[in-house]
Amino acid sequence: MSRIGRLPISVPAGVTVSIADGNVVTIKGAKGELTKKFSNILTIEKTDSEIIVSRPNDTKEAKSLHGLTRTLINNMVTGVTTGFTKELEIEGVGYRAAKQGNNLVMNIGYSHQVIMEPKYGVTIDVPSQTKIVISGLDKQAVGQFAAEVREKRLPEPYKGKGIRYAGERIIRKEGKAGKGKK
C-alpha cells in the first residue's frame, strides 16, 4: 500500500467537499473553490470529516495514481483554506519590479520592460522594488507562474544577478584569472 496514499485527508471546519460521478472533486472554502477530475481507477470517499482515497488492486497504474491523487486532493484542501505563496527576489543594479494594474512590470537589464500578466487565479504583490510575492489557491498555477517569472532573468553564477526564489542559494563561480603584471 502507498504510504502517502493510505493517509486520510482531514477536512477542516468551513470546507465543503463534493464528489460527483467520474471522480470529479469540488472543494469550497473560505478563499475560494477548486474543481478537479481524477482517474476512475481509484475510489474517492468522503466520511464526516475525512477524505479517503483507495485503490481496488495493485496494478502498476493504480499504484502510481494512489499517492498522487491523495496529494492533489490535500493540496486542494490546503489551497482553499490557507492558499499558497511563492516569494521571488530580484538582485542586480537597476533591476526592479512594479505592479501596474494586475500586471507585473520588471526592469531586468533588457532594453525594454518585461510585462507579465498573471494567469487565472494567481495574484501578484510587489511589497518592495526587489521583492515579488505570487499567491493563489492552486499550488501548480502559483509554482508555474513563479517559474515563468524567474525564467525571464535566471540568476547568473558570477555576480548573482537575476531573479531567484527567496532563500535560494546560487553557487558562485570564480571569474576569469587575469595575467599577472610584471
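The values are calculated or read from the model by the stated rules, or taken from the named source; none is laboratory data. Computed from a predicted model, the values in this text were never measured in an experiment. No Cβ is skipped: glycine too gets one built from the backbone with ideal geometry, and neighbour counts run over all protein chains shown. Surface areas here come from the heavy atoms of the whole protein model, side chains and all, with no ligands, DNA or RNA. Shrake-Rupley method; radii C 1.70, N 1.55, O 1.52, S 1.80 Å.
Given the pairs LYS86/LYS176; LYS31/LYS99; LYS46/LYS152, which are separated by over 31 angstrom at their Cα positions? Walk me through the numbers on the way to the answer.
Numbers: LYS86/LYS176 35 Å; LYS31/LYS99 22 Å; LYS46/LYS152 43 Å.
With Cα atoms farther than 31 Å apart: LYS86/LYS176; LYS46/LYS152.
Assuming R0 = 30 Å, what is the FRET efficiency of LYS37 and ASN107, from their Cβ-Cβ distance, to the nearest 0.05? Could you put the intermediate results ahead of the total?
Values: r = 41 Å, r/R0 = 1.37.
It comes out at approximately 0.15.
Probe of 1.4 angstrom, ligands and nucleic acids ignored: what's the accessible area per residue over the chain, in square angstrom? Can you show the working numbers first?
Working: 11430 Å² over 182 residues.
Value returned for the chain: 63 Å² of accessible area per residue.
From the alpha carbon gyration tensor of segment 76-182, can you work out the equivalent ellipsoid semi-axes (sqrt of 5 times each eigenvalue) and give them in Å, largest to smallest?
32, 16, 10
With +1 on each Lys and Arg Cβ and -1 on each Asp and Glu Cβ, and nothing else charged, work out how big the dipole of the chain is about its Cα centre, in Debye to the nearest 20.
Details: 30 positive and 18 negative charges, 265 e Å.
The calculated dipole for the chain is roughly 1280 debye.
Cα centroids of segment 124-182 and segment 36-95: how far apart, whole angstrom?
With segment 124-182 and segment 36-95 each reduced to a Cα centre, they are spaced 27 Å.
Please calculate the 1.4 Å probe accessible area of THR85, with all protein chains present, and give it to the nearest 10 Å².
Probe radius 1.4 Å; accessible area of THR85 about 90 Å².
Can you give the convex hull volume per residue for the Cα atoms of segment 55-129, as a whole number of Å³?
Details: hull volume 11.5 nm³, N = 75.
Here the figure is 154 Å³ per residue.
Using a 1.4 Å probe and counting only protein heavy atoms, arrange GLU148, GLU33, GLU174 so the residue with the most accessible area comes first.
Numbers: GLU148 45, GLU33 100, GLU174 160 Å².
Ranked list, largest accessible area first: GLU174, GLU33, GLU148.
How big is segment 12-107 by Rg and Dmax over its Cα atoms, in Å?
18.9, 58
Might you work out the accessible area of SER64 for me, using a 1.4 Å probe with all protein chains in place, and round it to the nearest 10 Å²?
Per-residue accessible area (SER64): approximately 80 Å².
Round to a whole number: what % of the accessible area of the chain belongs to carbon and sulfur, probe 1.4 Å?
Working: 5590 of 11430 Å².
That share works out to 49 percent.
Determine the order of TYR158, TYR95, TYR165 by accessible area, beginning with the largest, at a probe radius of 1.4 Å. Show your work: numbers first, answer last.
On the way: TYR158 120, TYR95 25, TYR165 65 Å².
Largest accessible area first, the list is TYR158, TYR165, TYR95.
Please list 23-32, 130-139 highest first by mean number of surrounding beta-carbon atoms within 10 Å per residue.
Working: 23-32: 16.6, 130-139: 20.1.
Answer by packing, highest mean first, reads 130-139, 23-32.
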